[in-house]
1. Could you check, for the range B:380-393, whether at least one of its residues is under 38 Å from the mean Cα position of the chain (by Cα) and within 12 Å of chain A (Cβ to nearest Cβ)?
2. Exactly one condition in (1) surrounded by 14 or more Cβ atoms within 10 Å (Cβ to Cβ); (2) more than 14 Å from chain A (Cβ to nearest Cβ) is not met by B:Ala368; state its number.
3. Somewhere in the range B:197-204, is a residue modelled with pLDDT of 90 or more, under 30 Å from B:Leu277 (Cα atoms), of a type in the set (A, V, I, L, M) and not in a helix (DSSP H, G or I)?
4. Could you tell me which residue of the range A:40-76 is farthest from B:Pro135 (Cα to Cα), considering only residues that are modelled with pLDDT of 80 or more, within 13 Å of another protein chain (Cβ to nearest Cβ) and touching a helix residue (DSSP H, G or I) at 6+ places or on another chain (Cβ under 7 Å)?
5. Report yes if A:Gly210 is modelled with pLDDT under 95, open to solvent by less than 70 Å² (accessible area, probe 1.4 Å) and part of a strand (DSSP E or B), otherwise no.
6. Inside the range A:210-257, can you point out the residues that are more than 16 Å from A:Arg96 (Cα to Cα) and among the hydroxyl-bearing types (Ser, Thr, Tyr)?
7. Within the range A:6-39, count every residue that is assigned to a helix (DSSP H, G or I) and of a type outside the set (Val, Ile, Thr).
8. Please go through the range B:214-233 and give me each residue that is in a helix (DSSP H, G or I) and of a type in the set (D, E, K, R), ordered by number.
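The values are calculated or read from the model by the stated rules, or taken from the named source; none is laboratory data. Note that the coordinates shown come from a computational prediction; the quantities given were computed from them, not determined experimentally. Reconstructed Cβ throughout: ideal geometry from the backbone, glycine too, with neighbour counts over all protein chains shown. We work out accessible area using only protein heavy atoms, side chains counted, and drop any ligands, DNA or RNA first. Shrake-Rupley method; radii C 1.70, N 1.55, O 1.52, S 1.80 Å.
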Amino acid sequence: MGAAGVARLHGLFAAYKPPGLHWKHLRDTVELQLLKGLNARKPPAPQQRVRFLLGPVEGSEEKELTLTATSVPSLTNHPLVRGPAFTSLKIGMGHRLDVQASGVVVLGVGQGCSLLTDMYHAHLTKDYTVLGLLGKATDDFREDGRLVERTTYDHVTREKLDRILTVIQGSHQKALVTYSHLDLQTQEAYEMAVKGLIRPMNKSPMLVTGIRCLRFAPPEFLLEVQCMNETQKQLRSLVHEIGLALKTTAVCSHVRRTRDGCFTLDDALLRTQWNLNSIQDAIQAAAPRVAAELEKNLRLQLGTQQLQGPGWQGDNEGPSPALEGRTAGGAAVDKGQSCA
Amino acid sequence: MALSAQRIPRWLNSIKLNSLITAAQLRSHYRRPGPTLLHRLSARPQVSSDNGFLQWGLKTVRTSSKWNSTSQCTKSSGQEIDSAQSTTLPSVSEQPQKTPNFDSELSLEDLDDVPPLSPLQPVSEQEAVRIIADPPLPPDSFTLRDYVDHSETLQKLVLLGVDLSKIEKHPEAANLLLRLDFEKDINQLLLFLKDLGIEDSQLGAFLTKNYAIFSEDLENLKTRVAYLQSKSFSKSDITQMVRKAPFLLSFSVERLDNRLGFFQKELELNVKKTRDLVVRLPRLLTGSLEPVKENMKVYRLELGFKRNEIQHMITQIPKMLTANKRKLTETFDFVHNVMSVPHHVIVRFPQVFNARLFKVKERHLFLAYLGRAQYDPAKANYISLDKLVSVPDEIFCEEIAKASVQDFEKFLKTL
C-alpha cells in the first residue's frame, strides 16, 4: 500500500508559490503533506512468527511435553511499536523564488530530483510579469524599500518605453550570442539563431530573450519578460534601469513567474492542492511533456557541440558540463520515459 | 544478586543437581565460550566487577526486565543487568513442574563447592529435544521493538493504544516500562484513570503523552484530584482537563495552586470565569507562563485594546493567550491597517487572531478585487469577520464572495 503510493511519486511537478512564503517553507510543507498522505494508508496485517514451544502432545498417554511449532502473533512490526512507515522524502526544488516574488516553481520528488539537474542544464527560458512603479527610487529596488529619490514622470510615453525595451532586448540578444560561443558565420548557427534556439554555454549573467510592455497606465506599467539565468533581484534592478533610461526613476512592486520551462500557470498546484493525490496526478500529467522537452534540449546540445566557432579557444570548462548534461540527460530521459 | 525465576531445562532435573546449582554456577557456565546447554540465559555480568555497563549512552535502553509475570525476583542494587527471559505468551500455559526459587537456595558459601557442569556430558535425545534455545535478547538496544514480543507489559500497553515508538525516544521512560509489572503497578494506575472518567479509547493517547505518570505515587495523584475538587471543579470538568492536558496530574498541589492564582490575578476575571477558561484550555496550567504575560502586555500596549475588551476576547477564544507574538502583531497589522477594521469590530470577532494570516489575506484581496470588501456593520453588504475566516473555501466562494471556486483559484494565481 505504501509502496504503491511511493512508486507513483517520482517525477517533477509545479507548485504556485504565494508571495510572502519562503521557498524552503514551501518545500517543507509539501514534504509534510506527502508524508501525511503516505502514512495515512492502511497498516499491514498483523504478523505472525513461528516459535517452538513446549506443549502437551495430543493423543499420548503420558503427560509429556514436547516441542511443537506454533504460530504466535508478533507485535514487532505493529505501527505503534515501529512508528510511522515514512519519515522523510527526497524533494528538491528547481529555480528558486525569493520571499516577495510569487509564481510557478518546479519541484522534484524521488528520482525526479535528477531531472531537475537536467532542466537546469537545458537552460530553458522562464516567463515573468513584472509590475513597475514610476516616480520612486529605493535602495533595494522594491516598493517598500528605503526611499532614495522621488521624480516626476509626466514626460514618459508608451513609445519611449517601447523603444527602450527594444534596445534592451537587442543588447541582451548580442550577449546571448557571445555567451553561447557560436560562430554566427556558419549557416547552421544562423538558422538556429533565427529559430531562437541559442542557449548560453556556461554560467552567464541574466539574459533577456524577450521583453515587452503589456500595460502602461502611469505611474504603473506591466512588463512581460522572457529570460534565463536570472534572479528576481536582477529583474527588479532591470526595472530600475528602465526608469533611469526614461530619465525618471522606477521601482518594482511585484515579480511573478508565469512559466518555468514547460510548466505554466495552469499546471501549478495551489496551496489547497498540496496533498498526496493531487501531486501524484500532477506528476503523471507532466511526465510526458518533461521527457519530450528534455530530449529536445539534449538533441540541441549535441547539435551545438559541432558548431563551436574558431574564436572560442576550447575553454576547458566548456565541454565537460555539456557532456555531463548529456550523459545524465540521456540516463534521466530514459528514466523519465520509463516512469511516465 | 537476584535472578528471575526461569524455566529450568529438563536435563537439570535428571542430573539431580537442582539444589546445588547456584547463580555462580550458571554464570560461570555462561562465561564459557561455545554453545552451552544453558544457552538461554543471556549475558549477565558479575555484580562486583563490571561497572562498565553502568556507562550507557543516552540512546541505549538497558534492559533489566522481569519477563515472567510469576517472577519472584527481588530488586538488586540496580547494577545487575539481567536480560534473561522466559516466555510468557499465553499459548504456553504450562510451566515445568519445578521452578526452583533460587533466592532461597543460593548462598554465597555455595559458590565454590559444586563442580561446574560440563557441556561435553552426553545427553539423551529426548532431553536434547526439549532444550529450548531461543536467541538471547540484546542486553541493550535503542528501540523497544526488540523486547515487545517478550514482555507482557509492553504487549498489553500496545493493545491499549500506547505509542511505544514515541516513548522509546526517552530512554528513562522506556527503561521504566521494561521494569514495570503490569499486574502490580500499571493496573492500579489504569483503574485510577478510569475512575477519573477517561475512556478506554483515550487511555492510550494519555499514556503516550504523559509517560512519566508511571513513576508517580498513586497517593499523590489522588491528593491532586482531591485538591481540584476542593476548588469546585466538577468531576466532568476534571476529566476534561486531564484528558486535554495529560501533564496536569504530574504537577504538585502547590504548583497547581500557584498557577491558578496567577491566572486569577493576571486576567482579573471572577472565579467562575477563570474556572471555565481553565477547563476549556487546561494547557494554560501546564504550559509556560511567560508567553501569557507577554501576550497580555502586547494586547494592552502594542495593539491598544482596553482591559475589558481583552477580557471579553479571552473568554471567547482562550487560545489567544498562548498565541505567537509575531503572528499576532502581523495579523492585527493587516486586519486593522489594510482591511481598516476598527478595534470595536475586532473585539466582537476575536477568531481572526486564531486564523492563518495567509487565509485572511487571500480572502480579503479577493473580496477587494470583487468590490465586496465591506466590514462596517453600519453599511450595506456587510461581511462579518468570523464568516470571513472560519467558513471553508466552497461556502466562502458561493455565499460571501458570490463567485465560483475556479474564479477564486484563478485569482490566487494572479497574486
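1. Restricting attention to the range B:380-393, the residues satisfying the condition of being under 38 Å from the mean Cα position of the chain (by Cα) are B:385-393.
After this cut, where a residue has to be within 12 Å of chain A (Cβ to nearest Cβ) as well, the list is B:392-393.
So far as the range B:380-393 goes, yes, one or more of its residues are under 38 Å from the mean Cα position of the chain (by Cα) and within 12 Å of chain A (Cβ to nearest Cβ).
2. With respect to (1) surrounded by 14 or more Cβ atoms within 10 Å (Cβ to Cβ); (2) more than 14 Å from chain A (Cβ to nearest Cβ), B:Ala368 is out only on (1).
3. yes
4. Step by step, filter the range A:40-76, then rank; the result is A:Leu75.
5. Working: modelled with pLDDT under 95: yes; open to solvent by less than 70 Å² (accessible area, probe 1.4 Å): yes; part of a strand (DSSP E or B): yes.
Spelling it out, A:Gly210 is indeed modelled with pLDDT under 95, open to solvent by less than 70 Å² (accessible area, probe 1.4 Å) and part of a strand (DSSP E or B).
6. Correct list: A:Ser237, A:Thr248, A:Thr249, A:Ser253.
7. Going through the range A:6-39, the residues assigned to a helix (DSSP H, G or I) turn out to be A:6-7, A:23-39.
Filter again for of a type outside the set (Val, Ile, Thr), leaving A:7, A:23-28, A:31-39.
Within the range A:6-39, residues that are assigned to a helix (DSSP H, G or I) and of a type outside the set (Val, Ile, Thr) number 16.
8. Of the residues in the range B:214-233, the ones in a helix (DSSP H, G or I) are B:214-215, B:218-230.
Matches in the range B:214-233: B:Glu219, B:Lys222, B:Arg224.
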